[in-house]
Amino acid sequence: MTAQKKDNDVTQEVPGAGSEDMKTTIKWEVAKMSTSYANVCNVSSTREEFTVLFGINKTWNPEQRELTVDMSDRIILNPFAAKRMSLLLANVIRQYEERYGEISLETGEINPAGGGNA
């Protein structure tokens, strides 16, 4: 796989199925891409689609009983794209934890490889 970056796009060559001379080129257009930060994510689904909601919890006091989350983005995926995204995320998380240690959901911290919960 080869990735090249030119100005505002990224090109990726993907080997074709069965033959090395058959390659598919994917051009990722990034000129109109926007970037958002989220520390909250929620997912819902119907038979036809998965909806992923992203937002920011700006609460400073951990003892606060009512939280307000500013929702910023909604991504709607068909079931096939949602499953591919799930597999991709699982792979990236596995690689991350191999490199930096287990991500503990209890404490919100990263535990060094081989170490206990921090």
Within segment 72-116, can you find the residues that are surrounded by 13 or more Cβ atoms within 10 Å (Cβ to Cβ), of a type in the set (A, V, I, L, M, F, W, C) and either modelled with pLDDT under 95 or more than 23 Å from residue 47 (Cβ to Cβ) (or both)? 103, 110
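Say whether the condition of being in a strand (DSSP E or B), modelled with pLDDT under 65 and of a type in the set (D, E, K, R) is met by at least one residue in segment 17-39. Lay out the reasoning, then the answer.
Of segment 17-39, the ones in a strand (DSSP E or B) are 23-29.
Those still in the list that are modelled with pLDDT under 65 too: none.
Within segment 17-39, not a single residue is in a strand (DSSP E or B), modelled with pLDDT under 65 and of a type in the set (D, E, K, R).
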Per the filter on segment 30-40, residues surrounded by fewer than 11 Cβ atoms within 10 Å (Cβ to Cβ) and either under 23 Å from residue 57 (Cα atoms) or of a type in the set (Phe, Trp, Tyr) (or both) are 34, 35, 36, 37
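The values are calculated or read from the model by the stated rules, or taken from the named source; none is laboratory data. As the structure is a prediction and not an experimental result, all values here were calculated from the model. Ideal geometry is used to build each Cβ from the backbone, glycine not excepted, and the neighbour counts take in all protein chains shown.
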